[in-house]
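Note sheet for the following structure.
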Amino acid sequence: MENQELEISLDKIDIPPILMRDINDDDGLKELAQSIKTEGLINAISVRPKGDRYELVAGWRRFKAHGLIPKSTIRAVVKNYTDEEAVGVMAAENLFRKDIDPVDEGVFVSKLLELGTFTIDQLAQQLGHTVLWIEDRVAILDYPDYLVAVIKEKKIPLGVAKCLAGIEDDVYRKMYVEQAVRYGTTVLQADYLLRQWQLGLLTASVEIMPPSNDDLGYAPRKVEIRCRKCGEMATS
């Protein structure tokens, strides 16, 4: 069976274990469902046969939207994808979106590695990335929750987060992560902080005081106001 287009029952389509996308955009999904209901499905989903069932390869949002119409069947292109081909299609759909973040990438590649189909070198070649790219994203999943959160929200660059994650003293790490979020930190600065910790040049965290605004490169904005009683200017 090669590139055959069929109308397939939704309950005969299985979701692959490596699917990365979680559907949280209820409004967007409802809009897509309404569009499909009124205009029809413009682009069919892609599936591959698995025994007497099918496995979804591409078109997760379209598949989910059909369940909201509700419509019991969906138009699908059936193709005998190999594991390598299926991963390539899923990667294209999952890894090259505008809203993708490093945490989602880490979840996706981790699931792929857990399947045992590819070694890390083979997966890097399959995805068109380096082994280091994959290792960096898998490592994110072991970071503290607060660091994972700011990476996912794209509040600090991954290169900065990678350096700060190397600081095992959680007091310092939290302080530097907060500093990076509030005031910005370059990879060079984060690497310097990491090396200071590695060399034992930092004061024991139980003795440290929170950095002053000046130390963080931030000073409160001064505003001049006029005294209502004497009429003289004063700085606040």
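Restricting attention to region 82-139, the residues being out of contact with any Asp or Glu (no Cβ under 7 Å at 6 or more places or on another chain), over 18 Å from R48 (Cα atoms) and not in a loop (DSSP other than H, G, I, E, B) number 26. Within this structure, E93 fails the test of being of a type in the set (D, E), open to solvent by 80 Å² or more (accessible area, probe 1.4 Å) and at pLDDT below 90. Residues of region 160-191 that are open to solvent by 50 Å² or more (accessible area, probe 1.4 Å), of a type in the set (D, E, K, R) and outside any helix (DSSP H, G or I): E168 alone.
For every residue, the table says whether it meets (1) farther than 30 Å from V89 by Cα; (2) among the aromatic types (F, W, Y); (3) modelled with pLDDT under 90.
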{"position": "L115", "(1), (2), (3)": "no, no, yes"}
{"position": "E135", "(1), (2), (3)": "no, no, no"}
{"position": "K152", "(1), (2), (3)": "no, no, no"}
{"position": "G159", "(1), (2), (3)": "no, no, no"}
{"position": "C163", "(1), (2), (3)": "yes, no, no"}
{"position": "D169", "(1), (2), (3)": "yes, no, no"}
{"position": "R182", "(1), (2), (3)": "yes, no, no"}
{"position": "Y192", "(1), (2), (3)": "yes, yes, no"}
{"position": "L201", "(1), (2), (3)": "yes, no, yes"}
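For residues that are open to solvent by 40 Å² or more (accessible area, probe 1.4 Å) and modelled with pLDDT under 85, scanning just region 5-22, find the one that is farthest from I100 (Cα to Cα). Top of the filtered list is P17.
Step by step: first the residues of region 29-42, then only those that are under 26 Å from the mean Cα position of the chain (by Cα) and closer than 26 Å to V87 by Cβ, then the one that is modelled with the highest pLDDT. Which residue is that?
L32
Could you list, in sequence order, the residues of region 123-142 that are among the charged types (D, E, K, R) and open to solvent by 40 Å² or more (accessible area, probe 1.4 Å)? Matches in region 123-142: E135, D142.
The values are calculated or read from the model by the stated rules, or taken from the named source; none is laboratory data. Just so you know, these numbers come straight off a predicted model, no measurement behind them. Note that we place each Cβ from the backbone using ideal geometry, even for glycine, and neighbour counts take in every protein chain shown. Heads up: the accessible areas ignore ligands, DNA and RNA and are worked out on the full protein's heavy atoms, side chains in. Shrake-Rupley method; radii C 1.70, N 1.55, O 1.52, S 1.80 Å.
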